[in-house]
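Enquirer: Pasting a structure below so you can have a look.
The values are calculated or read from the model by the stated rules, or taken from the named source; none is laboratory data. Values in this document were obtained by computation on a predicted structure and should not be read as measured data. Ideal geometry is used to build each Cβ from the backbone, glycine not excepted, and the neighbour counts take in all protein chains shown. Areas reflect the complete protein model, heavy atoms only, side chains present, ligands, DNA and RNA absent. Shrake-Rupley method; radii C 1.70, N 1.55, O 1.52, S 1.80 Å.
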Amino acid sequence: MRSVALLLVFIFSTPVDAQFRLPSLDINKLVDTVKNVGKAVQDIPEPEEIEIGQDVASRLLGAAPLVPNPGLQRYVNNVGRWLAAQTERPDLPWRFGVLDAPQLNAFAVPGGTIFITRGLLERMKSEAELAGVLAHEIVHVLQKHHLKAIQKGAKTALAGDALGAALKDRAGPARDKLIAFGTEMYSRGLDKSDELEADRLGVVIAARGGYDAYGLPSVIQTLHAMNAQDSGVALMFKTHPAPAERLGALDNMQATLDAYAGQPQLADRFFQNIKR
Ligand SMILES: [Zn+2]
């Protein structure tokens, strides 16, 4: 934890005009080493990670289709891909989609597919806020948070060595169970530590992309001001730590946030593209 803070201070001490010459920060080295203890689980190879993600994404899309607005989808993809290009996994098939749902939510699928709802987008006030949320989701992919949770759950959802079968046979019954389990996970949520890590590193990625680092905290602020009983935020609140806790956890990044607070928010560009 302390080493993370120190590294962040180091990164943020690079001059602001270097924002497009990217600091070579290895996000994987920023992860709490404690978390890697449980890493004895066999690693799922990247092609399978991408395939599992595609299967889960198509089930999620079955529940809520994309907003039929190519200009809007292109804009969100441009912002997302720009951010993803700043990371340690720039070559994943990154795709960003706006789901036609009034609720406020965003989620990441293994392998680089990220969804944000129309409801959340409509509450945002700038491209920096959009970048903050997309960067949070990008971290979930980089750190394989969902993939690891699927893998861990698969041990109980599937008997014995069925994970191997589920990976090999895309059309088999074991695979079907694995994908069903993976899809369900989006109504249960990740570990709190994964969410807080996504906030911390998401702020870094958005800043690397040249945005005001307060974009993500500002969206969490918006959520904080909403009524937890509002059905639009029910799932988001169920699957994420409370906004006050998320903001509190970002407190020790105050100095680093402030160092990059002067970068653009791009509110006008955001509204031009959202209203189109
Ligand atoms: Zn998250």
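Enquirer: Taking segment 222-243 on its own, how many of its residues are closer than 23 Å to Ser126 by Cα and within 16 Å of the ligand (Cβ to nearest atom)?
Expert: Total satisfying the criteria: 9.
Enquirer: Still on this structure, I have one more. May I ask you to list the residues in segment 231-276 that are crowded, with 18+ Cβ neighbours inside 10 Å and among the hydroxyl-bearing types (Ser, Thr, Tyr)?
Expert: Matches in segment 231-276: Thr256, Tyr260.
Enquirer: Now, a different point. Conditions first: (1) within 14 Å of the ligand (Cβ to nearest atom); (2) part of a helix (DSSP H, G or I); (3) not β-branched (Val, Ile, Thr). Pro217 passes all but one, so which condition is the exception?
Expert: For Pro217, the failing item is (1).
Enquirer: Then there's this: In segment 173-186, what count of residues is obtained for those that are open to solvent by 90 Å² or more (accessible area, probe 1.4 Å) and acidic (Asp, Glu)?
Expert: 1
Enquirer: Condition (residue is within 16 Å of the ligand (Cβ to nearest atom) and not aliphatic (A, V, I, L, M)) applied to segment 163-173: is it met by at least one residue?
Expert: No, segment 163-173 contains no residue that is within 16 Å of the ligand (Cβ to nearest atom) and not aliphatic (A, V, I, L, M).
Enquirer: If you don't mind, there's one more thing I want to ask. Would you point out the residue of segment 192-214, among those that are within 11 Å of the ligand (Cβ to nearest atom) and open to solvent by 10 Å² or more (accessible area, probe 1.4 Å), that is farthest from Glu127 (Cα to Cα)?
Expert: So, considering only residues that are within 11 Å of the ligand (Cβ to nearest atom) and open to solvent by 10 Å² or more (accessible area, probe 1.4 Å), the one farthest from Glu127 (Cα to Cα) is Lys192.
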